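Structure first, then comments.
The values are calculated or read from the model by the stated rules, or taken from the named source; none is laboratory data. In this text, all values refer to a predicted model and were calculated from it rather than measured experimentally. In this analysis, Cβ positions are derived from the backbone assuming ideal geometry, glycine residues included, and neighbour counts consider all displayed protein chains. Keep in mind that these areas ignore ligands, DNA and RNA; they rest on the heavy atoms of the full protein, side chains included. Shrake-Rupley method; radii C 1.70, N 1.55, O 1.52, S 1.80 Å.
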Amino acid sequence: RNPLGHHWVQQRALTKANDPGLWDTLMGGMVSAADTLEQALALVPEYVPGLVLRARALWRADRVPEAITAMQQAVERRPSVEDLLRLAEWHEQQGDELAALRCLQQALIQAQQLEMPFDEAEAHEALGRLGLAATTAALRTALPEAAALWHLERSRELFAHLGVRWTIEEKSYRSWRD
């Protein structure tokens, strides 16, 4: 129901075995509570929103490698800043810092190209946090501490310009900066 009191309904196809031609508020199908995760995921179409939904469901089911593969397929077909940030987080949680770095760099470029300052700030912040928490020499080489600090500062500037409260505690940031 929308603010005007209207309802969105759809008419069932006349060829349906059950209730042909009747009006319904549910459309697009649904998953039965009796379905297993595999059965439910088999119903998810191979289009980007479906791949993202599949990836999230797999992640929640602790099927991490499959979740990462599904999300990678989604961002290869249609990269979105949000999905790239999520994929970077998953890579980082799995210890693949360089894959996380690549996703964050791609997210930053896309946010800048699309002129999305909030998403750009989030990508800068994630790059800064990743660089300062680096556990591998490869990441410390690819994203040195000075670059990570620059990303955090840029994030702070963008968030301030947007009037958004920055999420890193000032005390922690000052200790990194100084």
Considering only residues that are surrounded by 21 or more Cβ atoms within 10 Å (Cβ to Cβ) and over 19 Å from E122 (Cα atoms), which ones fall in the stretch 72-95?
A74
Kindly indicate which of E125, E153, E115 is surrounded by fewer than 23 Cβ atoms within 10 Å (Cβ to Cβ) and not in a helix (DSSP H, G or I).
E115
Any idea which residue in the stretch 128-141 is nearest to V81 (Cα to Cα), counting only those that are open to solvent by 40 Å² or more (accessible area, probe 1.4 Å) and in a helix (DSSP H, G or I)?
R129
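Within the stretch 64-85, work out how many residues are charged (D, E, K, R) and free of Cβ contacts under 8 Å to residues at least 24 places away in the same chain.
Taking the stretch 64-85 and keeping what is charged (D, E, K, R), we get 66, 76-78, 82-83.
From the residues that got through so far, the ones that are free of Cβ contacts under 8 Å to residues at least 24 places away in the same chain too are 66, 76.
So the count comes out to 2.
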The condition from (1) in a helix (DSSP H, G or I); (2) at pLDDT below 95; (3) of a type outside the set (A, V, I, L, M, F, W, C) that Q106 misses is numbered (2)
Subset of the stretch 31-74 [among the β-branched types (V, I, T) and either at pLDDT 70 or above or assigned to a loop (DSSP other than H, G, I, E, B) (or both)]
V31, T36, V44, V52, V64, I68, T69
